[in-house]
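Right, one structure below, let's go through it.
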Amino acid sequence: MPICPSCEIKFNNWYDVAEHIDLMANKRSDKSHVMWLNRNLSIKRLSKEELAKKLEDYFSTPEGLGMWIRKRFIEKFYGENPHPFILAMQKPTRGVLLGYVIEHQHFLKNWVKVLSSIVFKTDKDEVVEYELENIAVEFIGYKGRPSHYELLLRMGESLGMSREKILNTQPLPDTQFAINTWRRIAEEKHWLITMACMHSLELVADRSLRNYGAKLHYFDPQILTSDEYSQAVKDFLREGYEADVSHAGEALHLVEKYAKGIEEEIQINVLKSFDAFSKYLFARLERGIELEPQLMRVITR
Ligand SMILES: [Zn+2]
């Protein structure tokens, strides 16, 4: 059923959604509707007929919901204008990596809490297994290997910041905003929506994105063999790089399998999750600039 992607009101058809968005954005100048249009469809004003057609095309899923999510992710983070954090990761400085560590510890803690809400709500055993394994990999350690959380902290220590200092640094407001967004989704929405919103973010490090049109990798793979970076930095980055490339794909497959009837709701919440993620990636850079002011030049160049 067509839904307003901004305020989530349900309508009978896309023309009615277009009429509503036209009213909210163009006549009432409602900020959230205007922003949605500008970010996703067009910055110029469209007739209601054009808008209805564009909305319908935008949300149609000829290759399935999983592929729709993958392509939207690439558009937003890896398209013509890759996200500045991803650009910075092509040759990350100490500031970029420490910004990553300090903000990401908060992200990872929240990550496992939100995944546990999926475990709590679902009645599908395969979903419970998938999420518990993910929680173990991220936070506890798995099959004799340290957790991603531990590898992240070791990376921070190798860059000269104590574990205590890292753990005692509060998240920046944009990180907190993003965390609140995901917590709200976990509390209020269907577990499948939460699952789609969280695991689609793992696409960020999915090497197979290049096969679907991404212009860059998450970072330059040469870092993994370069002498310029500490072993702990390489160990952390390698974990994501060598993770089973089908990992995020597996979650998207599960989402697609059970999505019947709530596809549009999944789509619009995934877009909200992408917006939160973008803000959060900026927070990593902001923290980096705090530690290394000259980084500002690299980013605005
Ligand atoms: Zn609306």
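The values are calculated or read from the model by the stated rules, or taken from the named source; none is laboratory data. Just so it is clear, the model here is predicted, and its values are computed rather than measured. Using ideal geometry, Cβ is built from the backbone for each residue, glycine included, and neighbour counts are taken over all protein chains shown. Heavy atoms of the whole protein, side chains included, go into the accessibility calculation; ligands, DNA and RNA do not. Shrake-Rupley method; radii C 1.70, N 1.55, O 1.52, S 1.80 Å.
In region 1-60, if the dipole is taken from +1 on Lys/Arg beta carbons and -1 on Asp/Glu beta carbons about the Cα centre, which of V34, I3, W14 is farthest to the positive end?
Farthest towards the positive end: V34.
Which value results for Rg/Rh of region 16-79 when Rg is the Cα radius of gyration and Rh the Kirkwood radius based on the inverse mean 1/r?
1.01
For region 119-197, count the residues as N, evaluate 2.2 N^0.38 Å, and divide the Cα radius of gyration by that value, please.
Cα Rg divided by the expected 2.2 N^0.38 Å: 1.35.
With every protein chain present, what accessible area does F139 have (1.4 Å probe, heavy atoms only), rounded to the nearest 10 Å²?
80
Which whole-number value in Å³ per residue fits the convex hull of the alpha carbons of region 226-275?
Given the Cα convex hull of region 226-275, per-residue volume reads 92 Å³.
Just going by the charge dipole of region 63-300, with Lys and Arg at +1 and Asp and Glu at -1 on Cβ, which of G64, A178, L151 is farthest out on the positive end?
A178
Which whole-number percent gives the relative contact order of region 111-158, counting Cα pairs below 8 Å spaced six or more residues apart?
Taking the mean separation of contacting Cα pairs over the length of region 111-158, I get 25 percent.
Report P(r) for region 183-225: all Cα-Cα distances, bin width 10 Å, range 0 to the bin holding the largest distance, values in whole percent.
24, 35, 24, 15, 1
Cross-link partners among lysines for K71, C-alpha distance below 25 Å, same-chain residues fewer than 8 apart left out?
Output for K71: K10, K44, K53, K54, K189, K215, K257, K260, K272, K279.
Quick one, can you get me the convex hull of the C-alpha atoms of region 63-300 expressed as volume per residue in Å³?
Output value, Cα hull per residue: 121 Å³.
Pop out the carbon and sulfur fraction of the accessible area of region 63-300 as a percent, whole number, probe 1.4 Å.
Carbon plus sulfur share of accessible area: 51 percent.
Using a 10 angstrom cutoff on alpha carbons, build the Gaussian network for the chain and name the most mobile of W111, W14, W191.
Among W111, W14, W191, the largest mean-square fluctuation in the Gaussian network model of the chain belongs to W14.
Using a 1.4 angstrom probe on the protein heavy atoms only, line up H217, H253, H33 by accessible area, largest first.
I get H253, H217, H33, largest accessible area first.
Calculated from DSSP H runs of 4 or more alone, at -39500 (n - 2.57) each and per residue, what is the 222 nm mean residue ellipticity of the chain, nearest 500?
Only helices count here, giving -19000 deg cm²/dmol.
Under a 1.4 angstrom probe, counting protein chains only, how are R284, R45, R39, R163 ranked by accessible area, largest first?
From most exposed to least exposed: R45, R39, R163, R284.
Taking the Cα centre as origin and putting +1 on Lys and Arg beta-carbons and -1 on Asp and Glu beta-carbons, what dipole magnitude results for the chain, to the nearest 20 debye?
It comes to approximately 840 debye.
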